[in-house]
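Trainee: For reference, the structure I am asking about is given below.
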């Protein structure tokens, strides 16, 4: 299996990946709390972007409602923890199952009835919005008033209940992100990866070749929504508060997909690169604004908007493909 | 619950729905011809609303008057957007077009947020609280006026597309892109013109909307979604469909506000959308594709 994962990857690429991982592993020893929180954000967006990329980048199905899966994952794990005392590592499976079920329902309805392209994207938004308003009135999790997890002291780390210091969260998230990266590489290099490629590029030709398009699109949706649920669980236990208005919002869905789009849709490293670039730029912009004593709501998002505009106009495949070429790291398989 | 109350709310909902329909009509016209989904539609409406609010605040101009220069302004904005940003994207994949317009939408919402702040604003004209008595019903005067104007504008647009040479040329582009090119139509210019017309309509709707609802920068995305819901229910590209969809949404909002919670109103619209997408994807009045 390892041979399959490494097949065709230039040695220099492995070396650079190793260096990046080593840097991320030791980073908490050197950086302060602020940078650590920024790194957590980077990893969070890298992981969630990777999850979205499975659906859009690999299988070519544009979802603009991924906040649905984040929200369902977050609310499920949090509600199980608060109401029944079920810990996050048990709850996460239920959270994943519920998000997957939601994804499969949407996928089933859309793909069965032949809804694709723009209509599919709108359907994903519609379901996310529907759920958002539904949760606003779902009193078991306190509706629009927000759902809160008990906040504990950070003196003792309790990884089993995901209660502890930001450093603990950081390492857990790093592990998840690395595993997701390997998992996605495994998917892409296998039979399913090639099926997805065919479905994304030429659905009709893929069908002619005997690929069950419906089944493989459904698998992509299931994997993507399940992975996204995990980032919701993390979100719930890291931030300790959930508001339907925020977690299910369309803005959140868009924020989640900016990283992979800027990094490079469909590439493995794109979401990670995108998350670094975007978060770093946004934080730098924040700092500049604060230093100038000029604080306006909306500046950050206007800036995001322009980044997105420039990338989509001049680098339609994202930053990673040209960067990879420049670094001479192209896949030689 | 008294029948008069239900009927009053229903009529108000239908009247508001006609303005929603006009707003969505802009989106429908653009999609029907250019085949690009204007993901910044609600945001453009919000820009028009703020223009009307500024005009009223600074010079005391009634939004029903300022809607004419605002429509012209939005026409220019739409024309420029199509000519500069969207034309190079006509042959790009759908998701890149979507992302392009999502970026424009993000810039618009947050640009408005930077300029006007998050607080709700409205326009309080002298006749804002007047109502018209129809039998046992009391109907808001502004809703009647705006609904009549919305229908009149929609009728004018319909006539333009059916009767004028330019309108016919635009429909030719929509029906057969290649054919339009072959007979020598300047498709790029006609696309820009269409985007401008769609934007002018949403501009007029945005100015009227200030009389009906409070404006904040964040209603932009809400109305984008609303416009999509309406045109998909009515049938993308169908002009009467957009008005019908608007009426249905206006009615469902009013009824859900009456029987459930006003905050749950979007849920009903979205639920109708999901049902329509699943069982009649071409929309109620749309042609089968």
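The values are calculated or read from the model by the stated rules, or taken from the named source; none is laboratory data. If you're wondering where the values come from, they're calculated on a predicted model, not measured in any experiment. Note that we place each Cβ from the backbone using ideal geometry, even for glycine, and neighbour counts take in every protein chain shown.
Trainee: May I ask you to verify whether residue A:250 is surrounded by fewer than 19 Cβ atoms within 10 Å (Cβ to Cβ), closer than 14 Å to residue A:301 by Cα and modelled with pLDDT under 90?
Mentor: The answer is no for residue A:250.
Table: residues versus (1) part of a loop (DSSP other than H, G, I, E, B); (2) at pLDDT 90 or above; (3) within 13 Å of chain A (Cβ to nearest Cβ).
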| residue | (1), (2), (3) |
| --- | --- |
| B:208 | no, yes, no |
| B:211 | no, no, no |
| B:221 | no, no, yes |
| B:233 | no, no, yes |
| B:236 | yes, no, yes |
| B:240 | no, no, no |
| B:250 | no, yes, no |
| B:264 | no, no, yes |
| B:289 | yes, no, yes |
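Trainee: Only one residue in A:101, A:110 is farther than 30 Å from residue A:32 by Cα, away from chain B (no Cβ under 14 Å) and part of a helix (DSSP H, G or I). Which one?
Mentor: Among A:101, A:110, only A:101 is farther than 30 Å from residue A:32 by Cα, away from chain B (no Cβ under 14 Å) and part of a helix (DSSP H, G or I).
Trainee: Then there's this: Given the conditions (1) more than 13 Å from chain B (Cβ to nearest Cβ); (2) closer than 30 Å to residue A:7 by Cα; (3) crowded, with 18+ Cβ neighbours inside 10 Å, report the number of the one that residue A:318 does not fulfil.
Mentor: For residue A:318, the failing item is (1).
Trainee: Still on this structure, I have one more. Please specify each residue of region B:75-125 satisfying the condition of being touching a residue at least 12 places away in the same chain (Cβ under 8 Å), more than 8 Å from every other protein chain (Cβ to nearest Cβ) and outside any helix (DSSP H, G or I).
Mentor: If the condition is that a residue be touching a residue at least 12 places away in the same chain (Cβ under 8 Å), more than 8 Å from every other protein chain (Cβ to nearest Cβ) and outside any helix (DSSP H, G or I), then B:90, B:119, B:120, B:121, B:122, B:123, B:125 are the ones that fit.
Trainee: Tell me the residue from A:193, A:259, A:232, A:274 that is over 29 Å from residue A:322 (Cα atoms), in contact with a helix residue (DSSP H, G or I) (Cβ under 6 Å, 6 or more places away or on another chain) and assigned to a helix (DSSP H, G or I), please.
Mentor: It is A:232.
Trainee: Continuing with the same structure: Tell me yes or no: at least one residue of region A:222-244 is within 14 Å of chain B (Cβ to nearest Cβ) and either touching a residue at least 12 places away in the same chain (Cβ under 8 Å) or over 30 Å from residue A:148 (Cα atoms) (or both).
Mentor: yes
Trainee: For residue B:272, only one of the following conditions fails: (1) within 13 Å of chain A (Cβ to nearest Cβ); (2) surrounded by 24 or more Cβ atoms within 10 Å (Cβ to Cβ). What is its number?
Mentor: So the condition that residue B:272 fails would be (2).
Trainee: Mind checking which residues of region A:191-204 are surrounded by fewer than 13 Cβ atoms within 10 Å (Cβ to Cβ) and at pLDDT 90 or above?
Mentor: A:191
Trainee: Further, regarding this structure: Pairs needed: first member in region A:284-306, within 14 Å of chain B (Cβ to nearest Cβ); second member anywhere, part of a loop (DSSP other than H, G, I, E, B); C-beta distance under 8 Å; at least 6 residues apart or different chains.
Mentor: A:289/A:295; A:289/A:296; A:297/B:117; A:297/B:118; A:298/B:217
Trainee: Can you pull out every residue in region A:231-247 that is within 19 Å of residue A:53 (Cβ to Cβ) and surrounded by fewer than 24 Cβ atoms within 10 Å (Cβ to Cβ)?
Mentor: Within region A:231-247, A:235 is the sole residue that qualifies.
Table: residues versus (1) at pLDDT below 80; (2) under 21 Å from residue A:265 (Cβ atoms).
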residue	(1), (2)
A:284	no, no
A:298	yes, no
A:306	no, yes
A:313	no, yes
A:316	no, yes
A:320	no, yes
A:324	no, yes
A:327	no, yes
A:332	yes, no
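Trainee: What is the one condition in (1) modelled with pLDDT of 90 or more; (2) closer than 29 Å to residue B:102 by Cα; (3) buried (at least 16 other Cβ atoms within 10 Å of the Cβ) that residue A:176 does not satisfy?
Mentor: Status for residue A:176: all satisfied but (2).
Trainee: Please verify whether residue B:227 is in a helix (DSSP H, G or I), more than 12 Å from chain A (Cβ to nearest Cβ) and closer than 27 Å to residue B:109 by Cβ, treating the condition exactly as stated.
Mentor: No; evaluated as a whole, the condition is false for this residue.
Trainee: Could you tell me whether any residue of region B:53-74 is in contact with a strand residue (DSSP E or B) (Cβ under 7 Å, 6 or more places away or on another chain), in a helix (DSSP H, G or I) and more than 9 Å from chain A (Cβ to nearest Cβ)?
Mentor: There is at least one residue in region B:53-74 that is in contact with a strand residue (DSSP E or B) (Cβ under 7 Å, 6 or more places away or on another chain), in a helix (DSSP H, G or I) and more than 9 Å from chain A (Cβ to nearest Cβ).
Trainee: Does residue B:255 satisfy the condition of being surrounded by 16 or more Cβ atoms within 10 Å (Cβ to Cβ), more than 18 Å from the chain's Cα centre (by Cα) and at pLDDT 85 or above?
Mentor: Against the criterion (surrounded by 16 or more Cβ atoms within 10 Å (Cβ to Cβ), more than 18 Å from the chain's Cα centre (by Cα) and at pLDDT 85 or above), residue B:255 qualifies.
Trainee: Continuing with this model, one more query. If you check residue B:202 against the conditions, is it buried (at least 21 other Cβ atoms within 10 Å of the Cβ) and within 13 Å of the chain's Cα centre (by Cα)?
Mentor: Here the answer is yes, as residue B:202 does meet what is asked.
Trainee: I'd like the full set of residues that are without any contact (Cβ under 8 Å) to a residue 60 or more places away in the chain, assigned to a helix (DSSP H, G or I) and either surrounded by fewer than 17 Cβ atoms within 10 Å (Cβ to Cβ) or out of contact with any helix residue (DSSP H, G or I) (no Cβ under 6 Å at 6 or more places or on another chain) (or both), limited to region A:78-93.
Mentor: A:83, A:84, A:90, A:93
Trainee: Where residues in region A:135-182 are without any contact (Cβ under 8 Å) to a residue 24 or more places away in the chain and within 19 Å of the chain's Cα centre (by Cα), which of them is farthest from the other protein chains (Cβ to nearest Cβ)?
Mentor: Top of the filtered list is A:175.
Trainee: Could you pull out the residue among B:242, B:174, B:192 that is surrounded by fewer than 21 Cβ atoms within 10 Å (Cβ to Cβ), touching a helix residue (DSSP H, G or I) at 6+ places or on another chain (Cβ under 9 Å), within 26 Å of residue B:102 (Cα to Cα) and in contact (Cβ under 8 Å) with a residue 40 or more places away in the chain?
Mentor: Unique residue meeting the criteria: B:174.
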